[in-house]
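First the structure, in the form of C-alpha cells, and then the observations on it.
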Amino acid sequence: MHDSRGHGPFSITPIGHIISDYPDKFGVPRQPDLAPAAHARLLLAHPFDDPLTVRGLEDFSHLWLSFIFHQSPERWSPLVRPPRLGGNRKVGVFASRSTHRPNRLGLSLVALSGIETGPGVTLHLAGCDLVSGTPVVDIKPYLPWAEAIPSAQAGFAPQPPETVAVVFSPEAHGVLSLRQDGASLRALIEQVLGQDPRPAYQRGGQAERLYGVRLRNVDVRFRALTAAENDATTLEVVAIEPEDRK
C-alpha cells in the first residue's frame, strides 16, 4: 500500500538486456567510454521491441541507459570504498558510483552506432561498460547542450584515471594474428587492462601473480612486470586462451 507521500514501492520491468564483450564483471571499466573498442548490443524485449519505440533515435549519437546491477548483492551499506581512492577511504554510497546501492540502479552513457529492426529491435552500442545479461530499464537520448557542464566539480575524481602500459608476450601476439577480430580484440585488451583492473590492495604485491579476465570469447591471462623489468607499472598479457565453457 502506498502512503500519502508517494514513498511506496515501485515495480520496474526491464525493457531489454545487454550482450557485450564482458562475460564477467571483473575487468569492466568503472566508467563508460574508457574502452571505446568495447561493443555491445541492446536487445529490446516484447512489447518494447516495436520499431515505433525507437523512431527518431537514429538522429542521436549517444544514449543514457538506466540499468540494474544484477550481479551485485541486494545488501547495501551507507559507506563504500571507491577504488579511485585506493580502496581505503570511505565515502557515502550516494557520493559514489558503487554497484552496492539500495536499488542497484546504474546509469551509463554509451555511443549509438546503429539500430537494427525487423524482427524486433537491436541497438548497437560502443564504449559500453555493461556485463552481458545486464537488464536495461530505460533509454534516453543524450543532450550535450543540457548535460555537458565543463565547469562542474567532480569531487574525488576530478580527472580521468591514469592508465598503465600493456605489452603482449610472443604467444599472445601469435593468437591475435590468427584471429579475424585480432585488431579489435587487441585494442579491447589494451583499453581494459590499461585501467589496471587488479584490486587496489593487490597492486604492488607479488609480481609473478597471474590474473585472468574474460573478454569477448577468450580468457586473457596477465601479470604485472617487476620493477626490475620496468620502472613504471606495466601489465603483460602472457596468454590468450579460448573461453572455458565446461
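The values are calculated or read from the model by the stated rules, or taken from the named source; none is laboratory data. Worth saying up front: this structure is predicted, and the values here are computed from it rather than measured. All Cβ positions, even for glycine, are placed from backbone atoms using ideal geometry, and neighbour counts span all protein chains on display. Surface areas here come from the heavy atoms of the whole protein model, side chains and all, with no ligands, DNA or RNA. Shrake-Rupley method; radii C 1.70, N 1.55, O 1.52, S 1.80 Å.
Averaging the sequence gap over all C-alpha pairs within less than 8 Å and six or more residues apart, then dividing by the number of residues, gives the range 99-227 a relative contact order of 12 percent.
Using 0.36 nm per residue and subtracting the Cα-Cα separation, the extra length available between Glu243 and Gln159 on full extension is 26.8 nm.
The mean sequence distance of close C-alpha pairs (under 8 Å, at least 6 residues apart), as a share of the length of the chain, puts its relative contact order at 25 percent. GNM on the chain, alpha-carbon springs under 10 angstrom: the most fluctuating residue among Arg104, Arg81, Arg55 is Arg55.
Considering only Asp196, Asp129, Asp219, the mean-square fluctuation computed in a Gaussian network model of the chain, springs between alpha carbons under 10 angstrom, is largest for Asp219. Remark: the chain carries 60 Å² of accessible area per residue (probe radius 1.4 Å; ligands, DNA and RNA excluded).
If I fit a long axis through the Cα atoms of helix 182-193 and take the longest principal axis of the Cα atoms of the chain, what angle between them do I get, 0 to 90°, rounded to 10? So the helix axis and the longest Cα principal axis differ by about 90 degrees. In units of the compact-protein estimate 2.2 N^0.38 Å, the range 41-178 shows a Cα radius of gyration of 1.30. Extension gain for His70-Asn103 works out to 10.8 nm (0.36 nm per residue, less the C-alpha to C-alpha distance).
With the Cα gyration tensor of the range 4-75 giving a ≥ b ≥ c as the square roots of its eigenvalues, does the rule (a/c under 1.5 for rounded; else a/b larger than b/c for prolate; else oblate) give rounded, prolate or oblate? It is oblate, given that a/c is not under 1.5 and a/b is not larger than b/c. Based on the Cβ-Cβ distance of Thr117 and Val93, what FRET efficiency does E = 1/(1 + (r/R0)^6) give at R0 = 45 Å, to the nearest 0.05? FRET efficiency, Thr117 to Val93: 0.70. The apolar share of the surface of the range 98-214, taken as the fraction of accessible area on carbon and sulfur atoms (1.4 Å probe, ligands and nucleic acids excluded), comes to 55 percent. Close amide H contacts of Val137 (hydrogens built in the peptide plane, cut-off under 5 Å, sequence separation of 5 or more or a different chain): Ile15, Ser66, Phe67, Ile68. What the Cβ-Cβ distance of Thr53 and Ala200 gives, at R0 = 35 Å and to the nearest 0.05, is a FRET efficiency of 0.25. Could you work out how far the C-alpha centroid of the range 1-72 sits from that of the range 170-201, in angstrom? First find each Cα centre; the distance between them is then 26 Å. Between Thr234, Thr122, Thr53, the residue with the greatest mean-square fluctuation in the GNM of the chain (Cα pairs under 10 Å linked by springs) is Thr53. The H on the amide N of Val121, modeled in the peptide plane, is under 5 Å from the matching H of Leu44, each at least 5 residues off or on a different chain.
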